[in-house]
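Visitor: For reference, the structure I am asking about is given below.
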Amino acid sequence: KQWYQRRVAITAGGEDTAFVNDEISSIIKEAIEATIGGNTYQHNKVNQWTSNVVEQCLNQLTKLSKPFKYIVNCVIMQKNGAGLHMANSCYWDNATDGSCTVRWENKTMYCIVSIFGLAI
């Protein structure tokens, strides 16, 4: 398995109210591993897997009790040589908001999860 991540460091407002990328990245990785860690790609399970990853991330983010609204996006794609182009965009306040994207892969699939945290 390989991990790739894009980080946007946001520390305004102190550690208790900041969007901490290492914390968010760990939440994403744990959700992916718990949901699809040892599996091979199965088309009939992808809808359930994506829902589970998103729900697990949101549950853990809520437990942080930080003043953010969260947007979680999950894409699972079979490794078959096809290309995937994905873009995310958000109009936000660079001083308070943040995002974290993690790409996970095994021999049969890719899983890409992006989380946006928008300060309330």
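Visitor: For segment 66-78, what does the Karplus curve 6.51 cos²θ - 1.76 cosθ + 1.60, with θ = phi - 60°, yield as ³J(HN,Hα) per residue in whole Hz, taken in order and with x for Gly and Pro?
Guide: 9, x, 9, 9, 10, 10, 10, 10, 10, 10, 10, 9, 5
Visitor: Further question: Calculate the dipole size of the chain relative to its Cα centre from +1 charges on Lys and Arg beta carbons and -1 charges on Asp and Glu beta carbons; express the result in debye to the nearest 20.
Guide: The dipole of the chain has a size of about 460 debye.
Visitor: Which order, highest average first, do 80-86, 32-38 follow once you tally other Cβ atoms within 10 Å for each residue and take the mean per peptide? Numbers along the way, then the final one.
Guide: Working: 80-86: 6.9, 32-38: 16.4.
Averaged packing, sorted descending, gives the order 32-38, 80-86.
Visitor: Next up: Expressed as a whole percentage, what fraction of the accessible surface of the chain belongs to carbon and sulfur atoms when a 1.4 Å probe is rolled over the protein heavy atoms?
Guide: Looking at the chain in its full context, I get 48 percent from C and S.
Visitor: Next question. Across the chain, how many lysine pairs separated by 8 or more positions, or lying on different chains, have Cα atoms within less than 30 Å?
Guide: For the chain, the number of qualifying lysine pairs is 16.
Visitor: Based on the mean of other beta carbon atoms within 10 Å per residue, what is the order of 67-77, 88-98, most packed first? Let's see the in-between values first.
Guide: Details: 67-77: 16.8, 88-98: 13.3.
The peptides rank, most packed first, as 67-77, 88-98.
Visitor: Shifting gears a bit: Mind checking the per residue accessible area of the chain for me, 1.4 Å probe, whole number of Å²? Intermediate results must be reported in sequence, preceding the final value.
Guide: Details: 6990 Å² over 120 residues.
Each residue of the chain exposes 58 Å² on average to a 1.4 Å probe.
Visitor: Rounded to the nearest 500 deg cm²/dmol, what is the calculated helix-only ellipticity per residue at 222 nm for the chain, with -39500 (n - 2.57) per DSSP H run of length n ≥ 4? Let's see the in-between values first.
Guide: Details: 2 runs with 34 residues, N = 120.
Rounded to the nearest 500, it is -9500 deg cm²/dmol.
Visitor: From the phi of every residue in segment 22-33, what ³J(HN,Hα) in whole Hz does the Karplus formula 6.51 cos²θ - 1.76 cosθ + 1.60 yield, where θ is phi - 60° and glycine or proline is x?
Guide: 4, 5, 5, 4, 5, 4, 4, 4, 5, 5, 5, 4
Visitor: Now, a different point. Can you tell me the orientation of helix 46-63 relative to the chain, as the angle in degrees between its alpha-carbon axis and the longest Cα principal axis, to the nearest 10?
Guide: With both axes taken from Cα atoms, the answer is about 20 degrees.
The values are calculated or read from the model by the stated rules, or taken from the named source; none is laboratory data. Given the structure is predicted, the values throughout are model-derived calculations rather than measurements. As a convention, Cβ positions derive from the backbone with ideal geometry for all residues, glycine included, and neighbour counts pool all protein chains shown. Just so you know, the surface numbers come from the protein's heavy atoms only, side chains and all, with ligands and any DNA or RNA stripped out. Shrake-Rupley method; radii C 1.70, N 1.55, O 1.52, S 1.80 Å.
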